[in-house]
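The values are calculated or read from the model by the stated rules, or taken from the named source; none is laboratory data. Computed from a predicted structure; not experimentally measured. Ideal geometry is used to build each Cβ from the backbone, glycine not excepted, and the neighbour counts take in all protein chains shown.
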Amino acid sequence: MVLKSEPMLISMGPHHPSTHGVFRMRLVLDGEVIVDVEPMVGYLHRGIEKLAETRTYTQVIPLTDRLDYLGSMTNNWAYVIAVEKLASIKVPERAEYLRVIIGELMRISSHLMATGFLGNELGCTFTPLLYMFREREKIMDFFEMVCGQRLTYNYMRIGGMSQDIPEEFLPAVKKFVAEMPHYIDEYEQLLSENEILLARTKGVGILPRNLAISSSVTGPVLRASGVQWDLRKSDPYSIYDRFEFDIPTGTVSDVYDRYLVRIQEMRQSIRILEQAIKQLPAGEARSKVPLLLRPPVGEAYAHIESPKGELGFYLVSDGSIAPYRCRIRAPSFTNITALKDMLVGWKIADAVVIFGSIDIVLGEVDR
Amino acid sequence: MTVALSGKDLATRIGKAIPQMVISIADNSITVKSQGLFQVAKFLKETPGLEFDMLVNISGVDYLDYFEVVYHLVSLKHNHSIVLKTICLDRDNPVVPSVVSLWRGADFLEREEYDLMGIRFEGHPNLRRIYLWDGFKGHPLRRDYL
Amino acid sequence: MKFEHYGLGLAKGLVVTLKHALRRPMTTQYPEEKLVVSRRFRGYELVWYEDKCTGCATCAKSCPQGNIEIVTVQQGDLYKVQKFELDTGRCMACGLCVEACPYQALYMGMGYERARYRRREVVLTKEDLKPSPERQPSGYAYPEVAEKLPEQTLLVYRK
Amino acid sequence: MGILGHFQKWLVEHSVPDWASYVVPALTGIIIALLFLFLMIIVFIYLERRGLGRFQIRPGPNRAGPWGVLQAFADFIKIVTKEDIVPYAADKPVHFLAPVVSFFSAIMILAVIPIQKDAYITNLNIGILYVSAISSLGAIAIFMAGYGSNNKYSLIAAMRGVAQLISYEVPVLLAIAGVLLISGSLGMVDIVESQNVPFILLQPLGFLIFFIGVGAELNRSPSDLMEAESELVTGYHIEYSGMKFALFYLGEYGHMVVASAVMTTIYLSGWKGPILPPAMWFLVKMVLVCLVFVWIRATFPRIRVDQLMSLAWKFLLPLALLNLFATALEVMWQDKIGWEQFPWPFVFLNLGLAIVFILVGSKLLFKTGGGQVEV
């Protein structure tokens, strides 16, 4: 006898503790097994692309802070690169190095959050998250030191940085860089070999290589799927061609690989930081750019490897002081395209884990 | 370094395979007619030597007289990129063929463009608003939307 | 689930947490214990020097939110600022106005406990914006001011 | 005869009415049990929150009272002043009764726990059986809460809870059976009396199985699937607020108190120990068990539901059977050597057996795939 059963529809989110904000999944469940899933976004839609059309080029920078609020510095960076490309502005050497230092610190901070929250979604009762908060707090201190705030930095400017770093910045960062590998070892000791974590993540949420590419998935998720694609290497923006680092990739393309890729990227970021601090030249940190910038008519697309993936800004200028169109290619948004393929067939407990391993930020998804 | 392919060379290659579709050529971009967009995209994706396997971004730009839809394509295999553009002149009912069947990533991107710019992507399996609610009037990212 | 490491992975994790339990807590007990903020701190208030201000309204133009309201009256060659109002409820403390000021009349503030019970209380007028012993200017965009401020407490140096 | 028995005898000798000689000791017992439970719950909540804080390099609650000892009271005041919200479509009687059942099942177990040689409410000769029977009531409470709330998350949690509790009863009871073979009695006092060496040493594998199983039954991390806050928000008590939620909270910690008391009794040799007074030893051992629970909660991620089931059926159950078999053989030889005189060879033998069984079990018995289901 076959028992008659009907699927259960569950609306996971927007008020759910592990949807990273206000994401909503419409899950169709058969018992505990996910049969169908539809991601629903838009609860945090603020129309940043529209707002950008009414602001001058400089005034858009604070808006970009509010995209991926765990990686604000890299958002600044992507935007200013796009404007610099549009208006052909030269950036001083020192500013480029500072951008690299700041950007890699941001990447470490963002990956810490991604891994910590993954632990939390696995049910670690906040322990790894709080350990990682400790290191993130130090990075926030550095950012507060250079730009005066801890979340919405607004530090980069068109043609450089808003100010040069204070003198106490470099020694502190050096100390952090020296200590950080030890802390990463500690996280790995806590998590990487934990049998429960292995059971929950190994083989779970596999995103095959071809599907990942065709779904426009970028960043650590794509690299965990075995694709060696990192814009810092494949299309070196800024001065990334001067540094030596590896691109960690996964083999199984499951949640565990994404976790490992993030951990290893943190180690690579530290390598880049070491080199960048050593090579940092003296000089100006900001080139002279008019306050009301009027780029020539045209368009520019600039992309960087943000902690979440490829963050791109497509700017169209009509020669006025405000961008005519500012399209943001948000990595979090495109990365959830493949969510359904990863989720179907897994249990409801895996849903949050797989979702967490993509590491999205709703500020960026909804813009 | 990702090589931005020259629009001119590519346009001649496209012109040989799919004649009379390219409208204009810039340094690193080509503009095609919207009717031929899907064939051109398929050509770009499947021709050996080009193989643009990833669709990076879709942007819609409202130039008031016409809409321009910009596709940023990149090939992970050959590490080169191209900007593919298409225009649609009909302001009330702009229609562009959907490329979801070629690149899955176009799914959400096209839905977003439809939602905010009002460009309809014909052939999209699930073309509904994504950010705004279903009863929303107008398309906010159009330049004439206030 | 396989016991690939025969439970040794679990034991390793237990050792890490036990080690942490013997460390000093990292928490700062906020209202009693306060850390020194950055010298370039961008507090939620501006410090405005009336004598230096010429009423050019560059700050108002550079504000992304259109938050600063300036009304001036002409007095001979000079302009006198009649109204300088800032709605800190909408201010996002981006600091663009301070950077833009050509006469060094506008500074970011050092304060951060700015919660109020009424909305009208967050609108700062000319009088509220003037410097006072409690309202010190921060060194944001002014390195010479920053030098005099106390050094920020950094968690990196905490034992 | 326990203290209450003596009290009753004393009452009878002093010619109080017959009914009073039954009612007064019974009421005294209930009040003592309740007070003890509440006190221990407060201690456990304090230990849990402060301990978890220390494991996570933060101080934990430290505002209410010195070192935050009054935090539990502050929480209680806050929680009882909250509005009691009952969902419109809830099954009201079931929804109402669930927290009560949850809490009272914890108190009832306490009746048979001997804190000291004579300090118990009653000394049932089937103590262990009683404990395991009553502790299963917790499952009913969870199911009532999940079903009565008429919430999908609660329902999933309830189903998980029932499945989990039923599965884990089996290995837990089989593990206890090993103890019973050695002690030769089901009564709690007799079990403690027979522990010249704590049974944790004689039954290391049994203790491990019992510990994992009890952790799962108690709904403690890493098997807190019923209230998995990252998946099911808070699971079965998602629709509870105010006093009812407080009862669930008390019930949860009450079960933990009781479970550590049972564990102390049957594996950690109860009140036995040098220097300190016996009751003190009992409390110290309970607190130690609590701290281990907190430590584990602070470290491990949560197991998925199907993995938890396969852990019970494919790993713990065979190991428990093997353990029982090995213990039975050892008890057979008992006549020749005797536990009292020579327990130490058996301690090392059993430790070795436990390691071998675990190694073999994790290699051979326990293999599950990733867990994807074709849909």
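Would it be correct to say that A:LYS138 is outside any loop (DSSP other than H, G, I, E, B), under 20 Å from A:THR334 (Cα atoms), out of contact with any Gly (no Cβ under 9 Å at 6 or more places or on another chain) and within 11 Å of another protein chain (Cβ to nearest Cβ)? Let's see the steps before the verdict.
Values: outside any loop (DSSP other than H, G, I, E, B): yes; under 20 Å from A:THR334 (Cα atoms): no; out of contact with any Gly (no Cβ under 9 Å at 6 or more places or on another chain): yes; within 11 Å of another protein chain (Cβ to nearest Cβ): yes.
No; evaluated as a whole, the condition is false for this residue.
Test each condition in (1) within 22 Å of A:LEU70 (Cα to Cα); (2) of a type outside the set (S, T, N, Q); (3) buried (at least 23 other Cβ atoms within 10 Å of the Cβ) for A:PHE169 and report the one that comes out false.
Status for A:PHE169: all satisfied but (3).
Return the residues of region A:250-309 that are of a type in the set (A, V, I, L, M), in a loop (DSSP other than H, G, I, E, B) and farther than 30 Å from B:VAL70 by Cβ; say none if nothing qualifies. Show your work before the answer.
Narrowing region A:250-309 to residues of a type in the set (A, V, I, L, M): A:252, A:255, A:260-261, A:263, A:266, A:270, A:272-273, A:276-277, A:280, A:282, A:285, A:289, A:291-293, A:297, A:300, A:302, A:304.
Now restrict to residues that are in a loop (DSSP other than H, G, I, E, B): A:252, A:280, A:282, A:285, A:289, A:291-293, A:297.
Within region A:250-309, A:VAL252, A:LEU280, A:ALA282, A:ALA285 qualify.
In region A:214-230, is there at least one residue being touching an Asp or Glu at 6+ places or on another chain (Cβ under 6 Å) and facing another protein chain (nearest Cβ under 10 Å)? Can you show your working first?
Start the filter on region A:214-230 by keeping residues that are touching an Asp or Glu at 6+ places or on another chain (Cβ under 6 Å), which leaves A:218, A:224, A:230.
Now restrict to residues that are facing another protein chain (nearest Cβ under 10 Å): A:218.
There is at least one residue in region A:214-230 that is touching an Asp or Glu at 6+ places or on another chain (Cβ under 6 Å) and facing another protein chain (nearest Cβ under 10 Å).
Please go through region D:13-56 and give me each residue that is assigned to a helix (DSSP H, G or I), touching a residue at least 60 places away in the same chain (Cβ under 8 Å) and over 19 Å from D:VAL112 (Cβ atoms), ordered by number.
D:VAL43, D:PHE44, D:ILE45, D:LEU47, D:GLU48, D:GLY51, D:LEU52, D:PHE55, listed by residue number.
Which members of region A:29-45 meet the condition of being under 16 Å from D:GLU231 (Cβ atoms) and either among the basic types (Lys, Arg) or in a loop (DSSP other than H, G, I, E, B) (or both)?
Pass one, region A:29-45, residues under 16 Å from D:GLU231 (Cβ atoms): A:29, A:31-34, A:37.
Within region A:29-45, A:GLY31, A:GLU32 meet the criteria.
Quick check on my filter: what residues within region C:123-159 are part of a loop (DSSP other than H, G, I, E, B), within 13 Å of chain A (Cβ to nearest Cβ) and at pLDDT 80 or above?
Step one: filter region C:123-159 for residues part of a loop (DSSP other than H, G, I, E, B), giving C:125, C:130-131, C:133-134, C:136, C:138-142, C:149-154, C:158-159.
Retained after the next criterion (residues that are within 13 Å of chain A (Cβ to nearest Cβ)): C:138-142, C:149-154, C:158-159.
Residues satisfying the conditions are C:SER138, C:GLY139, C:TYR140, C:ALA141, C:TYR142, C:LEU149, C:PRO150, C:GLU151, C:GLN152, C:THR153, C:LEU154.
Could you list all residues from region B:87-113 that are within 13 Å of another protein chain (Cβ to nearest Cβ) and of a type outside the set (Asp, Glu)?
Step one: list which residues in region B:87-113 are within 13 Å of another protein chain (Cβ to nearest Cβ), which gives B:99-113.
Selection gives B:VAL99, B:VAL100, B:SER101, B:LEU102, B:TRP103, B:ARG104, B:GLY105, B:ALA106, B:PHE108, B:LEU109, B:ARG111.
Does region A:176-191 include one or more residues that are away from chain B (no Cβ under 14 Å) and outside any helix (DSSP H, G or I)?
In the first step, residues of region A:176-191 are kept if they are away from chain B (no Cβ under 14 Å); the result is A:176-191.
In the following step, the residues that additionally are outside any helix (DSSP H, G or I) were identified as none.
Checking region A:176-191: not a single residue is away from chain B (no Cβ under 14 Å) and outside any helix (DSSP H, G or I).
Restricting attention to region A:355-367, does a residue exist that is surrounded by 17 or more Cβ atoms within 10 Å (Cβ to Cβ), of a type in the set (Gly, Ala, Ser), at pLDDT 85 or above and in a loop (DSSP other than H, G, I, E, B)?
Taking region A:355-367 as the starting set, the residues that turn out to be surrounded by 17 or more Cβ atoms within 10 Å (Cβ to Cβ) are A:355-367.
Filter once more, keeping what is of a type in the set (Gly, Ala, Ser): A:356-357, A:363.
Subset that is at pLDDT 85 or above: A:356-357, A:363.
Checking which are in a loop (DSSP other than H, G, I, E, B) leaves us with none.
Within region A:355-367 (the criterion being surrounded by 17 or more Cβ atoms within 10 Å (Cβ to Cβ), of a type in the set (Gly, Ala, Ser), at pLDDT 85 or above and in a loop (DSSP other than H, G, I, E, B)), the answer is no, since none of the residues qualifies.
Could you list, in sequence order, the residues of region C:72-92 that are surrounded by 13 or more Cβ atoms within 10 Å (Cβ to Cβ), outside any loop (DSSP other than H, G, I, E, B) and either under 26 Å from the mean Cα position of the chain (by Cα) or of a type in the set (Val, Ile, Thr) (or both)?
Applying the first criterion (surrounded by 13 or more Cβ atoms within 10 Å (Cβ to Cβ)) to region C:72-92 yields C:72, C:79-81, C:84-89, C:91-92.
Remaining after also requiring outside any loop (DSSP other than H, G, I, E, B): C:72, C:79-81, C:84-87.
C:THR72, C:VAL81, C:PHE84, C:GLU85, C:LEU86, C:ASP87 - these are the residues of region C:72-92 that are surrounded by 13 or more Cβ atoms within 10 Å (Cβ to Cβ), outside any loop (DSSP other than H, G, I, E, B) and either under 26 Å from the mean Cα position of the chain (by Cα) or of a type in the set (Val, Ile, Thr) (or both).
For region A:182-205, check the following and say yes or no: at least one residue is modelled with pLDDT under 85 and touching a Ser or Thr at 6+ places or on another chain (Cβ under 7 Å).
yes
This table checks each residue for (1) part of a helix (DSSP H, G or I); (2) of a type outside the set (A, V, I, L, M).
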position: D:ILE200; (1), (2): yes, no
position: D:LEU205; (1), (2): yes, no
position: D:GLY215; (1), (2): yes, yes
position: D:SER230; (1), (2): no, yes
position: D:TRP281; (1), (2): yes, yes
position: D:VAL284; (1), (2): yes, no
position: D:TRP295; (1), (2): yes, yes
position: D:ALA312; (1), (2): yes, no
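Spot the failing condition for A:PRO166; the list is (1) in a helix (DSSP H, G or I); (2) more than 22 Å from the chain's Cα centre (by Cα), and only one is missed.
(1)
Go through region B:62-74 and report how many residues are surrounded by 18 or more Cβ atoms within 10 Å (Cβ to Cβ) and facing chain A (nearest Cβ under 10 Å). Give the derivation first.
Step one: list which residues in region B:62-74 are surrounded by 18 or more Cβ atoms within 10 Å (Cβ to Cβ), which gives B:62, B:67-74.
The next check asks that each one be facing chain A (nearest Cβ under 10 Å); those that pass are B:62, B:68, B:70, B:72, B:74.
Qualifying residue count, region B:62-74: 5.
Which is more than 24 Å from D:SER105 (Cβ to Cβ) and within 14 Å of chain A (Cβ to nearest Cβ), of D:GLU231, D:GLU227?
Values: D:GLU227 fails: more than 24 Å from D:SER105 (Cβ to Cβ).
Testing whether each residue is more than 24 Å from D:SER105 (Cβ to Cβ) and within 14 Å of chain A (Cβ to nearest Cβ) leaves just D:GLU231.
Go through the residues of region C:97-119 one by one and say whether even a single one is at the interface with another protein chain (Cβ under 9 Å from one of its Cβ atoms) and assigned to a strand (DSSP E or B). Steps first, answer last, please.
Our first condition is that a residue be at the interface with another protein chain (Cβ under 9 Å from one of its Cβ atoms); within region C:97-119, this holds for C:99-100, C:108.
Narrowing further to those that are assigned to a strand (DSSP E or B): C:108.
Scanning region C:97-119, I find at least one residue that is at the interface with another protein chain (Cβ under 9 Å from one of its Cβ atoms) and assigned to a strand (DSSP E or B), so the answer is yes.
Give the number of residues within region D:310-329 that are in contact (Cβ under 8 Å) with a residue 12 or more places away in the chain, more than 14 Å from chain C (Cβ to nearest Cβ) and aliphatic (A, V, I, L, M).
First, the residues of region D:310-329 that are in contact (Cβ under 8 Å) with a residue 12 or more places away in the chain: D:310-324, D:326-328.
If we keep only those that are more than 14 Å from chain C (Cβ to nearest Cβ) as well, we get D:317, D:320-324, D:326-328.
Next cut, aliphatic (A, V, I, L, M) only: D:317, D:320-322, D:324, D:326, D:328.
The total comes to 7.
Given the criterion of a type in the set (A, V, I, L, M) and out of contact with any helix residue (DSSP H, G or I) (no Cβ under 6 Å at 6 or more places or on another chain), identify the matching residue among B:LEU127, B:LEU64. Steps first, answer last, please.
Details: B:LEU127 fails: out of contact with any helix residue (DSSP H, G or I) (no Cβ under 6 Å at 6 or more places or on another chain).
Criteria check complete, one pass: B:LEU64.
Out of (1) at pLDDT below 80; (2) out of contact with any Phe, Trp or Tyr (no Cβ under 7 Å at 6 or more places or on another chain), the odd one out for D:LEU283 is which?
Condition not satisfied by D:LEU283: (1).
Quickly run through region D:99-136 and pick out the residues that are of a type in the set (Gly, Ala, Ser) and in contact (Cβ under 8 Å) with a residue 60 or more places away in the chain.
Kept after step one, since they are of a type in the set (Gly, Ala, Ser), are these residues of region D:99-136: D:102, D:105-106, D:111, D:119, D:127, D:132-133, D:135-136.
Once the filter is applied, which keeps residues that are of a type in the set (Gly, Ala, Ser) and in contact (Cβ under 8 Å) with a residue 60 or more places away in the chain, region D:99-136 yields D:SER102, D:SER105, D:ALA106, D:ALA111, D:ALA119, D:GLY127, D:SER135.
State all residues of region C:106-122 that are more than 14 Å from the chain's Cα centre (by Cα) and at pLDDT 85 or above; if no residue qualifies, say none.
If we filter region C:106-122 for residues that are more than 14 Å from the chain's Cα centre (by Cα), which is where we start, we get C:116-122.
Answer for region C:106-122, where residues must be more than 14 Å from the chain's Cα centre (by Cα) and at pLDDT 85 or above: C:TYR117, C:ARG118.
Which ones in region A:336-367 are facing chain B (nearest Cβ under 10 Å) and under 27 Å from A:GLU84 (Cα atoms)?
Answer for region A:336-367, where residues must be facing chain B (nearest Cβ under 10 Å) and under 27 Å from A:GLU84 (Cα atoms): A:VAL365, A:ASP366, A:ARG367.
For the list (1) at pLDDT 85 or above; (2) not in a loop (DSSP other than H, G, I, E, B), I need the number of the one condition that D:PRO59 fails.
(2)
Quick one: would you say A:TYR324 is in contact with a Cys (Cβ under 9 Å, 6 or more places away or on another chain) and either in contact (Cβ under 8 Å) with a residue 12 or more places away in the chain or not β-branched (Val, Ile, Thr) (or both)? Walk me through how you get there before you give the answer.
Values: in contact with a Cys (Cβ under 9 Å, 6 or more places away or on another chain): no; either in contact (Cβ under 8 Å) with a residue 12 or more places away in the chain or not β-branched (Val, Ile, Thr) (or both): yes.
In short, no.
Checking the conditions here, which among A:LEU98, A:LEU67, A:LEU63 is closer than 21 Å to A:GLN149 by Cβ, assigned to a helix (DSSP H, G or I) and touching a Lys or Arg at 6+ places or on another chain (Cβ under 8 Å)? Lay out the reasoning, then the answer.
Working: A:LEU98 fails: touching a Lys or Arg at 6+ places or on another chain (Cβ under 8 Å); A:LEU67 fails: assigned to a helix (DSSP H, G or I).
None of the others qualify; the one that does is A:LEU63.
Please verify whether A:ARG26 is surrounded by fewer than 21 Cβ atoms within 10 Å (Cβ to Cβ) and closer than 25 Å to A:GLU244 by Cα, treating the condition exactly as stated. Steps first, please.
On the way: surrounded by fewer than 21 Cβ atoms within 10 Å (Cβ to Cβ): yes; closer than 25 Å to A:GLU244 by Cα: no.
For A:ARG26, the condition - surrounded by fewer than 21 Cβ atoms within 10 Å (Cβ to Cβ) and closer than 25 Å to A:GLU244 by Cα - is not met.
Search region A:153-178 for residues that are aromatic (Phe, Trp, Tyr) and pair each with any residue that is surrounded by fewer than 22 Cβ atoms within 10 Å (Cβ to Cβ) and part of a loop (DSSP other than H, G, I, E, B) when their beta-carbon atoms are under 6 Å apart and the residues are at least 6 apart or on different chains.
none
Here is a yes/no grid of residues against (1) in a helix (DSSP H, G or I); (2) touching a strand residue (DSSP E or B) at 6+ places or on another chain (Cβ under 6 Å); (3) not aromatic (Phe, Trp, Tyr):
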| site | (1), (2), (3) |
| --- | --- |
| A:LEU197 | yes, no, yes |
| A:GLY205 | no, no, yes |
| A:ARG223 | yes, no, yes |
| A:TRP229 | no, no, no |
| A:SER238 | no, no, yes |
| A:ASP241 | yes, no, yes |
